[in-house]
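Here is the structure we will look at.
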Amino acid sequence: MKARELLIALINASEKAANIARKCRSNQHLFSLLIEEKTGDEKNDRFFHDFKTLADVLIQETIRYDVGSLFPCRKDSIKGEESNKFENVLGDKVIIEIDNNQENTFEMLRKVLDNNDEAAKELTNEIHKVVDTEEKLSISDEVEIDFDIGIWIDPIDGTAEYINGIDELTEFPNIQKTGLQCATVLIGVYDKSTELPIIGVVCSPFATKDDDNYDSKIFYGISLNDIKYSNVQPRVKSRKIAITSSSEVHSRCSSFEISMAAGAGYKALKVIEGDADIYYLSKASTFRWDTCACQAILRALGGDIVEFKNSIIEKQPIPLKYPDNNEDKCNRNGLIAYRDVNDFYKLVGDLSDAIKV
Ligand code: 2IP
Ligand code: CA
């Protein structure tokens, strides 16, 4: 398999995912399902699950189908955050699966969307549309992936931000605390033998706005042994900024100003773009699908995402790994994401005294 072809497929899949995410917000019917929390008598028993989960699963399964049909031998290794099996309170079951039959998709969506033909048709069209971002990649066709890989998808990271869409800024340039910008589509590829990420694509579906229409920005990177390739040119700034979750308990360090923002993918993206220098989290609240894509891009830029706890104990970077098993998928030991390893050492110096590990 050519790395270039896989990367192009992932870029196009991420843009299609962004189209579906935008459609679910711009179509009135779909959006009302997205924000509605039906309870008690109002609850529609024919409706299978909360729609936000359906939007997530639809995007995940569309990426799985698009990438899996180009690389059939890898289909079983493409995994996402969500389960694609739904059951309603009456015990009816539906499995969200996308194939090349548009009619099947339409019928499945009609069923889930309670016979709303118009909404089902609009979504079906997005799912089966051919999307080609025509990205110009300067990576050579010679770069082969001749080993076993796995793929982690987070169809919409920052789901709460995606649904609420309430913008809140920070005092730091280009960093939003909350809002649509904090929602990202994350697709990461890892090498099953080294358990390390090798390709990452991060799509920000609401990155730019023209009138009422949003457009994406797509960031990607490859880190395959000596081959380091990315479309990102991190911004240069004078302030040293660490970004973290509002739930983080360690919110003081002397080498960095601290910024809070929502979305694990968004925070790592801020480090990738150069708007922050480091993203840290001491807690076990991210998962493999939250970090794989961004870690690959950071590795392409000379950085990494490493464990918080053990890296601080050992005083050296210990990269997050992606074992190919069905066990715990949580990044149990927290994380530290950086572009420049010197920032990692500064943070370790700042926090080692404060933390009893
Ligand atoms: C979430 C999302 C949250 C994040 C959490 C992730 O993923 O990115 O925003 O918490 O770690 O697992 P925080 O914003 O505090 O960093 P999802 O939205 O896919 O559940
Ligand atoms: Ca997530």
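The values are calculated or read from the model by the stated rules, or taken from the named source; none is laboratory data. Please read all numbers here as calculations on a predicted model, not as lab measurements. No Cβ is skipped: glycine too gets one built from the backbone with ideal geometry, and neighbour counts run over all protein chains shown.
Okay, here's what the table says:
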quantity: Yes/no for LYS309 being among the basic types (Lys, Arg), away from ligand 1 (no atom under 11 Å from the Cβ) and over 12 Å from ILE198 (Cα atoms); calculated: yes
quantity: Residue in the stretch 155-179 that is farthest from GLN60 (Cα to Cα), counting only those that are of a type in the set (A, V, I, L, M, F, W, C) and in contact (Cβ under 8 Å) with a residue 60 or more places away in the chain; calculated: PHE172
quantity: Which listed residue, of SER251, SER255, SER247, is outside any helix (DSSP H, G or I), free of Cβ contacts under 8 Å to residues at least 12 places away in the same chain and among the hydroxyl-bearing types (Ser, Thr, Tyr); calculated: SER251
quantity: The listed residue being crowded, with 21+ Cβ neighbours inside 10 Å and polar (S, T, N, Q), out of THR159, THR170, THR178; calculated: THR178
quantity: Failed criterion for ASP146 (all others in (1) exposed (fewer than 14 other Cβ atoms within 10 Å of the Cβ); (2) at pLDDT 95 or above hold); calculated: (2)
quantity: Any hit, the stretch 303-326, residues being within 16 Å of ligand 2 (Cβ to nearest atom), crowded, with 21+ Cβ neighbours inside 10 Å and among the β-branched types (Val, Ile, Thr); calculated: yes
quantity: Tally, over the stretch 259-273, of residues that are of a type in the set (Val, Ile, Thr) and within 14 Å of ligand 2 (Cβ to nearest atom); calculated: 0
quantity: Where THR105 falls short, out of the listed (1) more than 16 Å from ligand 1 (Cβ to nearest atom); (2) in contact (Cβ under 8 Å) with a residue 60 or more places away in the chain; calculated: (2)
quantity: Among (1) touching a residue at least 60 places away in the same chain (Cβ under 8 Å); (2) over 18 Å from GLY188 (Cα atoms), the one test that GLN295 misses; calculated: (2)
quantity: Residue list for the stretch 274-302, restricted to those being more than 16 Å from ligand 2 (Cβ to nearest atom) and in a loop (DSSP other than H, G, I, E, B); calculated: GLY274, ASP275, ALA276, ASP277, SER282, LEU301, GLY302
quantity: Search result, residues across the stretch 143-170 that are β-branched (Val, Ile, Thr) and either in contact with a Leu (Cβ under 7 Å, 6 or more places away or on another chain) or within 13 Å of ligand 1 (Cβ to nearest atom) (or both); calculated: VAL143, ILE145, ILE153, ILE156, THR159, ILE163
quantity: Options GLY80, GLY40, GLY91: the member that is on the phi > 0 side of the Ramachandran plot and either at pLDDT 65 or above or surrounded by 14 or more Cβ atoms within 10 Å (Cβ to Cβ) (or both); calculated: GLY91
quantity: Check on ILE187, within 21 Å of LYS75 (Cα to Cα), surrounded by 14 or more Cβ atoms within 10 Å (Cβ to Cβ) and within 16 Å of ligand 1 (Cβ to nearest atom); calculated: yes
quantity: Residues satisfying the stated conditions in the stretch 196-213, i.e. farther than 20 Å from MET1 by Cβ, crowded, with 19+ Cβ neighbours inside 10 Å and out of contact with any Cys (no Cβ under 7 Å at 6 or more places or on another chain); calculated: CYS203, SER204, PRO205, PHE206
quantity: Qualifying residues in the stretch 257-274 (those that are touching a strand residue (DSSP E or B) at 6+ places or on another chain (Cβ under 7 Å) and surrounded by fewer than 24 Cβ atoms within 10 Å (Cβ to Cβ)) - the one farthest from GLU171 (Cα to Cα); calculated: ALA262
quantity: Candidates SER246, SER352, SER254, filtered to the one that is surrounded by fewer than 20 Cβ atoms within 10 Å (Cβ to Cβ) and within 16 Å of ligand 1 (Cβ to nearest atom); calculated: SER246
